Amino acid sequence: MAFPLTVFIPLGPLIDCTQGMPRGPRIDYPGAIHHVYARGIERRDIFFDDQDRDSFLGRVGANLSRWRMCCSAWALMPNHFHLLLHSDEGRLISFMQCLLTGYSKYFNERHGRVGHLFQNRYMSPVVDKAKYFRDVVRYIHRNPLRSEFVRSTVELEEYPWTGHRKILHGGPPGWQDTSFIRTEFLGGDDEAGWRTRYRDHLEKTPSGGPENEVEGSVRNLSDLDVDLPAASPGSYEIFTRTLHRLAASNGIPVEEVVGGSRKYQVVQVRRDVLRACKSELSVPVVQLAQWLGMKENAAAYLLKTGKPGRCER
């Protein structure tokens, strides 16, 4: 299957979207690596055609330069996107405000619509590079394969709407930074072999099946405005395993459990994760809430209400 090369559309002046906007909660710090993803409101498509996708990618590149950030991996799906961003100066908030505001304005004007384009807030879990970086890259770049937009990893190498093709074969987009991935897969002085090791990692099926692909550290810092007591060693790993186990057993994507969805089944899984972790770990509710990307009072409410157990689908 042949795919066209990406051609970026000129954007015109960038919107100065930081003026007059209230300061958001701290979700970033210098040196952070974020897995950022957002979905269309009511799961609607946010990309109708290649012109929309080109416009979005052009805006990503322009704002990366503006806010001095870099992107190692990315994927565009019909109703959502994924970006793996490095924020050396802690500028993620400004970057995302400008990206989403600019693209929403473009999309609404082009397609004759009004109102919000994206559902809720974007998610931006911090990636622990030592443990999760490779798996997050794989998770992002395999999106079209899991959704059957391509039929094989061979086709995925030529698919233009992820960063996988750039890593293996070069070409657009010019703004994608492959240096972090090169460093991660570089073995000694074997300069020529890092792409092969990257390809092998992407093609490897995660243990336990696709539902256990790690979404990054899932730790969301969107409400981190207090100093938390230090969690005991291994607590976060237990939380992550519990989260993935309960989400998979109920057929709920992890990104929905930590994504603010209010559907009954999702809320029940979130409640069960809180209860399981509260009984197994010496971790305060505020810390569990941070890891789930929710408010402490909301987590406390879930712990007090409802019945534990498997969700009825």
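Laboratory data are not the source of any read-out in this text; all were calculated from the coordinates shown. Since the model is a prediction, treat every value here as computed from it, not as a measurement. For neighbour counting, all protein chains shown are included, and Cβ atoms are generated from backbone atoms with ideal geometry for every residue, glycine included.
Starting with the fewest neighbours, write out 142, 43 ranked by other beta-carbon atoms found within 10 Å of each beta-carbon.
Taking fewest neighbouring Cβ atoms as first place, the list is 43, 142.
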Segment 30-217 - percent relative contact order, Cα under 8 Å, separation 6 or more: 28
Centre separation in Å (Cα based) which lies between segment 278-308 and segment 56-122: 31
Gyration tensor (alpha-carbon) shape descriptor, segment 30-217, a/c threshold 1.5: prolate
Estimated inter-spin distance, residue 68 and residue 29, nm [label 7 Å along Cα→Cβ]: 1.9
Stretch gain in nm, segment residue 192-residue 111, where the contour uses 0.36 nm per residue and the Cα spacing is subtracted: 24.6 nm
Theoretical FRET efficiency, 1/(1+(r/R0)^6), r = Cβ-Cβ of residue 50 and residue 301, R0 35 Å, to 0.05: 0.20
All-pairs alpha carbon distance profile, segment 235-304, 5 Å steps from 0, percent: 3, 19, 34, 29, 13, 2
